[in-house]
1. Simple spin-label model, 7 Å along Cα-to-Cβ: Glu161 to Asp42 in nm?
2. Which stretch or stretches of the range 162-179 have amide N atoms under 17 Å from the point lying 7 Å from Arg194's Cα along the Cα→Cβ direction?
3. Compute the FRET efficiency between Val14 and Ser216 as 1/(1 + (r/R0)^6), taking r as their Cβ-Cβ distance and R0 = 41 Å, and round to the nearest 0.05.
4. Any chance you could check the Cα centroid distance between the range 1-45 and the range 89-128 for me, in angstrom?
5. Where the Cα atoms of the range 2-182 are projected onto their three principal axes, how long is each span, largest first, in whole Å?
6. Can you give the Rg to Rh ratio of the range 78-216, both from alpha-carbon atoms, with Rh computed by the Kirkwood formula?
7. Provide, in order from the shortest bin, the percent of all Cα-Cα pairs of the range 12-85 in each 10 Å bin, continuing until the bin that contains the maximum pair distance.
8. When the helix-only estimate is applied to the chain (DSSP H runs of n ≥ 4, each -39,500 (n - 2.57), divided by the residue count), what is the mean residue ellipticity at 222 nm, nearest 500 deg cm²/dmol?
Amino acid sequence: MKILSVSVGLPREVTWKGSVVTTGIFKEPVEGRVMMRTLNLDGDRQADLSVHGGPSKAVYLYPVEHYGYWRAQLPDMKFPWGMFGENLTSEGLLEDAVNIGNRFRIGSAEVMVTEPRMPCFKMGVKFGRDDIIKRFLESRRSGFYFAVLQEGDVGAGDTIELVSRDENNITVADIIRLYVSDKDNLEMLQRAVRVEALPESWRAYFLRQIEKITRS
């Protein structure tokens, strides 16, 4: 498991459907090593902090294995590293094998997996098409966010070393599954809400699902 590219970007204004939108989704690969901090990487910022960023969404990783799928789906588009707004483009780390709460060492930093990426309208802005939001979610190729437990520097070529695995065994793919297609899986929902690393917004959503199931 390793990092292929590190990408950062500052918020910019773009015109979308006649309106000016400020977004930080435009990232570009950088050379050398970059400091990974509690809220982001040096040189990187999020535009709308009400839905992006914060300690549980400090760093976004997207697997390189998904790029081939998207190139086949959208053959007229170019897909440079960072196309999905990710900070880290990785190899060997997929959603169905990564538990929420797993801890990894990358470079001199230590990070923890917190949640999958949920697409918003700004992905449509980046791709220039509204249908990408639905297609991204349905593809289950979400990538995932890290919280930074120990700040440190990272760079392309760094290995991704597993430090510890969360014992609840709720993967990133499981969270997407519970949200998209398996909303009545009570056993999995009950395990998900026990994951301490899962952000409170997800836990509250799953608790509501549990209440609906148990009331019916």
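Only the coordinates and a few stated rules stand behind these numbers; no lab work does. As the structure is a computational prediction, the values presented were derived from the model and not from experiment. Here the Cβ positions follow ideal geometry from the backbone for every residue, glycine too, while neighbour counts run over all protein chains shown.
1. Going by the 7 Å Cα→Cβ label model, 2.2 nm.
2. Once the point is set 7 Å along Cα→Cβ of Arg194, 165-172, 174-175 turn out to lie under 17 Å by backbone N, inside the range 162-179.
3. Working: r = 45 Å, r/R0 = 1.09.
Given R0 = 41 Å and the Cβ-Cβ separation, E is 0.35.
4. Taking the Cα centre of the range 89-128 as reference, the centre of the range 1-45 is 14 Å away.
5. 47, 39, 31
6. 0.99
7. Computed distribution, short to long bins: 16, 40, 36, 8.
8. When only DSSP H runs of four or more count, the value is -7000 deg cm²/dmol.
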